[in-house]
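Q: I am attaching a structure below and will ask some questions about it afterwards.
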Amino acid sequence: MDRQAALNEFFEHFGLAYSALDVDRVAATFVMPFTTNVQGDITHWPEFEPLRHTTAVLFDWYYQQGFRSAHYRVVEQVMVGRDHATVELCWHVARADQHFWVHHTGYQLRWVNEEWKICGIMQITEPEQTRLVGEDEEVWTPLALAEAALAHAIQRPGSPLTTE
């Protein structure tokens, strides 16, 4: 697999781990030394454990704020030589209160031991809150949405499965 394809695959796995607020899987993508830049406050992390602990505290806080899942869109990917890349993602974070946060985050990556690792994260934009549904729209639960979309494939007791 070439490094560009490996970078795309890396973010597919990273996105799933972040969406699940899985501290161990997300922290496993980090390489030291690590740098964060949040609202211009730059922190250098020479050791892994304090960064992992901070990630755990942050993810707990995200959950308390209503974070339930996230998906991303790649805004830009730039390969910097063979062993470095910079990537900007636009995140859409679904919240428990029928709103979602939209924000952009930049990632600096290094090719280490035949895989991509994150060596820096930069908050590019402040999270903006948007409603998942309009004020006058009916709110459907995820299960109701899934059932409506998959009604043709759901077998109900006593009825044959239709696959139209």
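FYI, it's all coordinate maths here, none of it is from the lab. What you are looking at is a predicted structure, and each value in this text was computed from that prediction instead of being measured. In this analysis, Cβ positions are derived from the backbone assuming ideal geometry, glycine residues included, and neighbour counts consider all displayed protein chains.
Q: Among the GluC sites (Glu not before Pro) in region 87-132, which ones are in a DSSP loop with at most 10 other Cβ atoms within 10 Å of the Cβ? Mind listing them?
A: GLU114
Q: Tell me which GluC sites (Glu not before Pro) from region 1-83 have a DSSP coil assignment and no more than 10 other beta carbons within 10 Å of their own.
A: Counting only loop positions with at most 10 other Cβ atoms within 10 Å, the GluC sites (Glu not before Pro) in region 1-83 are GLU47.
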